[in-house]
1. How far, in degrees from 0 to 90, does helix 60-72 lean away from the longest principal axis of the Cα atoms of the chain, to the nearest 10?
2. At 222 nm, what value in deg cm²/dmol follows for the chain if DSSP H runs of at least 4 each add -39500 (n - 2.57) and the sum is divided by all its residues, to the nearest 500?
3. Tell me the trypsin sites (Lys or Arg not before Pro) within region 29-78 that lie in a loop according to DSSP and have at most 13 other beta-carbon atoms within 10 Å.
4. Taking only Cα atoms, what is the 0 to 90° angle, nearest 10, from helix 22-31's long axis to the longest principal axis of the chain?
5. Taking amide hydrogens as modeled 1.01 Å from N in the peptide plane, which residues meet the under 5 Å criterion relative to residue 118, leaving out close sequence neighbours?
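What follows draws every value from the coordinates through simple rules; no lab data is involved. Everything numeric here is computed off the predicted structure, so don't read it as measured data. A quick note on method: Cβ atoms are made from the backbone with ideal geometry, for glycine too, and the neighbour counts reach across all protein chains shown.
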Amino acid sequence: MSVDQSFVGRVYPPTPPYEVGREKIREFADAINDENPAYRDRAVAEKLGYRDVIAPPTFAIVVTMQAGKQVTFDPDFGIDYSRVVHGEQRFVHQRPIMAGDVLQTVVTIDDVRVAAGNEIVTTRADVTTVDGEAVCTAVSTIVVRGPGA
């Protein structure tokens, strides 16, 4: 196996700030075919108690995927990306992502284990505003297929 299990617990540096825009939220909502007006209309979002349009819950992938590349392409960690398949993704939101948020993400390697000849890597991406307000935690599991897979 090639993934270095001693990396469990490693924390990568915060990503550069990402400013969430209304148009990006709308484009994402269109891409997932979700017509929720709170993703498009500020007045609707304000009536729900938000300062601006909110993003669909899975919009967090936009910021966490970039952060996750720090792990998958870390040459010292040893992932052969040509053998990677996506295992699981989940999000826990402390609050919705909103237009105007300026977010950054810190990724931690939570677990590396071997099962049926495959290496299974679980990471946690903590998304906060640049001011430190917790927004979302994304947990991702990838499977690095073994040589016989």
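1. 20
2. So the helix-based figure for the chain works out to -5500 deg cm²/dmol.
3. Taking region 29-78 and a limit of 13 other Cβ atoms within 10 Å, the loop trypsin sites (Lys or Arg not before Pro) found are 51.
4. The two axes meet at around 60 degrees.
5. Amide H neighbours of residue 118, under 5 Å, 5+ apart: 146.
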